[in-house]
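The values are calculated or read from the model by the stated rules, or taken from the named source; none is laboratory data. As the structure is a computational prediction, the values presented were derived from the model and not from experiment. Here the Cβ is made from the backbone with ideal geometry for all residues, glycine too, and neighbour counts use every protein chain on show.
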Amino acid sequence: MSGCFSNRLRPGDAVWIQWTPQIWYHGRIESLCEGGFKVRFDDQDEKCSPASMLSKDISPTRVRLEAGMAVLAPKEPRIYVPAKILERRGLNFRVQLEDGQVIDAPLRLLRLLAAEK
């Protein structure tokens with residue numbers, strides 16, 4: 001899924017890092033490394049990863065979310081996966097995860113997928 005928001009990354013930024021094609025974890029950029037950015041995960045593990053595998057942690061607002069938009073949504077606590085907004089349902093959003101599962105998620109748990117520009 002492609003994002004549509006700027007992902008200008010720099011040390012100190014909170015990010016979501018793609019661990020596998022379907023699983024993203026939260027962390028923070030510590031520095032530059034030979035392969036891109038050195039990220040320290042919330043559990044303190046570290047990984048050097050190219051910018052294409054990172055998405056800045058951008059918290060959306062209801063105004064910005066529209067049907068069809070790419071987001072990261074929680075599949076399990078602390079594990080996020082790519083998803084697509086289907087519709088707004090009160091204070092929640094119905095989203096379809098990449099595996100086809102449809103869930104309702106509160107706005108506060110959704111994150112925008114950002115594309116490197």
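The requirement of being assigned to a strand (DSSP E or B) and touching a residue at least 60 places away in the same chain (Cβ under 8 Å) is not satisfied by residue 24. Within this structure, residue 111 passes the test of being surrounded by 16 or more Cβ atoms within 10 Å (Cβ to Cβ), out of contact with any Gly (no Cβ under 8 Å at 6 or more places or on another chain) and touching a residue at least 40 places away in the same chain (Cβ under 8 Å). The single residue among 68, 90 that is at pLDDT 90 or above and exposed (fewer than 14 other Cβ atoms within 10 Å of the Cβ) turns out to be 68.
Under the condition of being of a type in the set (S, T, N, Q) and modelled with pLDDT of 85 or more, the residues counted in the stretch 1-19 number 1.
Scanning the stretch 38-56 for residues that are outside any loop (DSSP other than H, G, I, E, B) and within 20 Å of residue 82 (Cβ to Cβ) gives 39, 41, 47, 49, 51, 52, 53, 54, 55, 56. Residue check: residue 51 meets all listed conditions (1) in the same structural domain as residue 10 (by TED's automatic domain parsing); (2) aliphatic (A, V, I, L, M); (3) farther than 18 Å from residue 9 by Cα but one, namely (3).
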